[in-house]
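Trainee: Have a look at this one before I ask anything.
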Amino acid sequence: MTRRRPNILIFMTDQEQADVLRPEHPAQTPHAARLAAGGLRFTQAYCPTAHCCPSRASLMTGLYPSQHGVYNNVSNPTAIRRGLRPGLRMWSEDLRAAGYTLQYSGKWHVTDEENPSDRGWEELVVTAPKGSYMHRGPETWRAMAARLDAAGEPRDADAAAGRPRGLVRRPGWGDYQLFKTLPVRGELGYDEKPDWRVVEAGLGALEALTRRADPWCLYVGPVGPHDPFHVPENFVRRYNLDDVPLPANYHDALDDKPRVYQRMRRQYWDQLSEEEIRDAVRHYWAYCTMEDTYFGLVMEALEASGQREDTLVLRLSDHGEYAGAHGLFCKGVPAFREGSHIPCIVSWPGGIDRPGRTEDAFVTLADIGPTLLEAAGLPVPEGLTGRSLLPFLRGESPESWPQAFCSQMNGVELYYTQRVVQTHDFKYVYNGFDYDELYDLRADPAELTNLAGRPEQREVQRDLVGRMWRFAGETGDHIFNPYATVALAPWGPADAYRA
């Protein structure tokens, strides 16, 4: 086992569901598979919120949203907070203080009040930095209105041609092209995409970093495979559409699920035929293959440098993507597994006992910071939600490791109060805005049948509600208000603390 402080390489995609990196999945991700074969793959890794900013803030702080204060998109007027709570420290600052050189290339979107350079990083290419604006005000919509006919359609649209393939009509909002096959441009077939700038900068940094004697940490964060799935043809044609099935839970009518889930599907995604749904999935897989190709370039450069043995590599994503599951796309409040289940592969040739293993303990993005600090020989601050994953790398079973995954959702650009508590057997979703959900994950892993409120599941649901309250108390959550119109959980917090 290595004793040298490791170099650290983090490759973090955006909106990549865990399933596509499973060895048995038809998506072609050979470089991630190779990493897992020589490392440790966590099969039950989750983001604390299926939303970019709170998940990325948890990665950088080791805290949950109730502690770091970022609940939704920080880059528009609907932000609950635009930045972290005052006084919080990121693990990157501790690494920098300990002599690490840190370089950042890719998506930030942690806070709208700071950039990576404010937290110890040297900036290469930074997307979604401080000051990004992801919103459209009335002036934009007035300009668009001049281009619409009485039916709300673009004046230049060819009505006789019908709806183009993969396009979702959104009157007055602008239509949405979910997927598209792009012509192959550039010498490499992927170097015309914006993510190439991020990866290319990372490759250049890696070449320089690996010449240094001091330890380093490099973050490479492309924005793919985030929707829309517009992918060069050379990746799309790797998949035969006839071989792409509908998701197993696609035909879920959502009748026993919250109405907003139904509205999302019926208003938008049900416009697409089943063949279009499969084609959208095909394009999503192709996008994941392209991101894996980028990852392969980074790993090839690392191996060529001679520092692979001394480098801890993390392959992550900030959250998942429904990709047609339950008839949905993107991510957000629908609390289905595909939106929050993320890839988490760790490889460290000198620091993993019996590489090639899988681990099914529940882990979250909040665990990454403590892991990196301990690996670097630095103290892990008290009071973090996350815990170090190093015992798993050593083949140990940590004492009192959480037996459930908990989420904290307070909204996207629309506001919701939602909390998830998931064990290996059951999953409970508290929806303060609609019906709760309860799924028997052993009998119903596709989350098709909502058991919430059934008398025979009363004690199961009560136990999970109790876990929700205790985790809320441990993390300083704010969902304890007893007022009549908001105290809607079926059992209140006092029930969780009964003797």
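Trainee: Working carefully through the options Arg211, Arg197, Arg263, find the one that is part of a loop (DSSP other than H, G, I, E, B) and either open to solvent by 40 Å² or more (accessible area, probe 1.4 Å) or in contact with a Ser or Thr (Cβ under 9 Å, 6 or more places away or on another chain) (or both).
Mentor: Within the list Arg211, Arg197, Arg263, the selection yields Arg211.
Trainee: Also, I was wondering about something else. Which ones in the stretch 290-305 are open to solvent by 10 Å² or more (accessible area, probe 1.4 Å) and either within 16 Å of Ala201 (Cβ to Cβ) or over 21 Å from the mean Cα position of the chain (by Cα) (or both)?
Mentor: Leu297, Met299, Glu300, Ala301, Glu303, Ala304, Ser305
Trainee: Moving on to the next point. Considering only residues that are open to solvent by less than 40 Å² (accessible area, probe 1.4 Å) and aromatic (Phe, Trp, Tyr), look in the stretch 174-194 and name the one that is modelled with the lowest pLDDT.
Mentor: My answer is Tyr190.
Trainee: Here's a follow-up. Please go through the stretch 122-137 and pick out each residue that is out of contact with any Lys or Arg (no Cβ under 8 Å at 6 or more places or on another chain) and either of a type outside the set (A, V, I, L, M, F, W, C) or buried (at least 24 other Cβ atoms within 10 Å of the Cβ) (or both).
Mentor: Glu122, Glu123, Pro129, Lys130, Gly131, Ser132, Tyr133, His135, Arg136, Gly137 - these are the residues of the stretch 122-137 that are out of contact with any Lys or Arg (no Cβ under 8 Å at 6 or more places or on another chain) and either of a type outside the set (A, V, I, L, M, F, W, C) or buried (at least 24 other Cβ atoms within 10 Å of the Cβ) (or both).
Trainee: Something else: So Tyr287 fits all but one of (1) more than 14 Å from Leu182 (Cβ to Cβ); (2) touching a residue at least 24 places away in the same chain (Cβ under 8 Å); (3) open to solvent by 10 Å² or more (accessible area, probe 1.4 Å); (4) not hydrophobic (A, V, I, L, M, F, W, C); what number is the exception?
Mentor: Of everything listed in (1) more than 14 Å from Leu182 (Cβ to Cβ); (2) touching a residue at least 24 places away in the same chain (Cβ under 8 Å); (3) open to solvent by 10 Å² or more (accessible area, probe 1.4 Å); (4) not hydrophobic (A, V, I, L, M, F, W, C), Tyr287 misses just condition (1).
Trainee: State yes or no: is Glu139 of a type outside the set (Phe, Trp, Tyr), closer than 17 Å to Ala57 by Cβ and assigned to a helix (DSSP H, G or I)?
Mentor: No, not satisfied.
Trainee: Any idea which residue in the stretch 465-474 is nearest to Pro493 (Cα to Cα), counting only those that are open to solvent by less than 50 Å² (accessible area, probe 1.4 Å) and more than 24 Å from the chain's Cα centre (by Cα)?
Mentor: Trp469
Trainee: Answer with yes or no whether Glu300 is at pLDDT 95 or above, out of contact with any helix residue (DSSP H, G or I) (no Cβ under 8 Å at 6 or more places or on another chain) and farther than 30 Å from Thr417 by Cα.
Mentor: yes
Trainee: If you go through the stretch 88-129, how many residues are basic (Lys, Arg) and either within 20 Å of the chain's Cα centre (by Cα) or on the phi > 0 side of the Ramachandran plot (or both)? Outline the logic, then answer.
Mentor: We begin by selecting, within the stretch 88-129, every residue basic (Lys, Arg); these are 89, 96, 107, 119.
In the following step, the residues that additionally are either within 20 Å of the chain's Cα centre (by Cα) or on the phi > 0 side of the Ramachandran plot (or both) were identified as 107.
So the count comes out to 1.
Trainee: Can you name the residue in the stretch 477-499 that is of a type in the set (D, E, K, R) and in a loop (DSSP other than H, G, I, E, B) and, of all such residues, is modelled with the lowest pLDDT?
Mentor: Of everything passing the filter in the stretch 477-499, Arg498 is modelled with the lowest pLDDT.
Trainee: Anything in the stretch 222-238 that is in contact (Cβ under 8 Å) with a residue 60 or more places away in the chain and in contact with a Pro (Cβ under 8 Å, 6 or more places away or on another chain)? List them, or say none.
Mentor: Answer for the stretch 222-238, where residues must be in contact (Cβ under 8 Å) with a residue 60 or more places away in the chain and in contact with a Pro (Cβ under 8 Å, 6 or more places away or on another chain): just Val223.
Trainee: Separate question: Go through the stretch 216-244 and count every residue that is touching a strand residue (DSSP E or B) at 6+ places or on another chain (Cβ under 9 Å), open to solvent by 10 Å² or more (accessible area, probe 1.4 Å) and farther than 18 Å from Leu297 by Cβ.
Mentor: 6
Trainee: Taking the stretch 73-97 as the search range and keeping residues that are open to solvent by 30 Å² or more (accessible area, probe 1.4 Å) and among the aliphatic types (A, V, I, L, M), which one is nearest to Glu200 (Cα to Cα)?
Mentor: Looking at the filtered set, the residue picked out is Ala97.
Trainee: Give just the number: which of (1) under 24 Å from the mean Cα position of the chain (by Cα); (2) under 22 Å from Asp292 (Cα atoms) does Asp243 not satisfy?
Mentor: Failing condition for Asp243: (1).
Trainee: While we're here: Output the residues belonging to the stretch 441-464 that are more than 18 Å from Gly492 (Cα to Cα), part of a loop (DSSP other than H, G, I, E, B) and of a type outside the set (Ser, Thr, Tyr).
Mentor: The answer is Leu441, Arg442, Ala443, Asp444, Pro445, Ala446, Glu447, Leu448, Asn450, Leu451, Arg454.
Trainee: Within the stretch 408-423, does at least one residue satisfy the condition of being closer than 29 Å to Asp310 by Cβ and touching a helix residue (DSSP H, G or I) at 6+ places or on another chain (Cβ under 6 Å)? Even if it seems obvious, please write down each step before you answer.
Mentor: If we filter the stretch 408-423 for residues that are closer than 29 Å to Asp310 by Cβ, which is where we start, we get none.
Within the stretch 408-423 (the criterion being closer than 29 Å to Asp310 by Cβ and touching a helix residue (DSSP H, G or I) at 6+ places or on another chain (Cβ under 6 Å)), the answer is no, since none of the residues qualifies.
The values are calculated or read from the model by the stated rules, or taken from the named source; none is laboratory data. Here the structure is a predicted model, which is why all the values come from computation and not from measurement. So basically every Cβ, Gly included, is an ideal-geometry build from the backbone, and we count neighbours across all protein chains shown. What goes into the accessible areas is simple: the full protein's heavy atoms, side chains included, and nothing from ligands, DNA or RNA. Shrake-Rupley method; radii C 1.70, N 1.55, O 1.52, S 1.80 Å.
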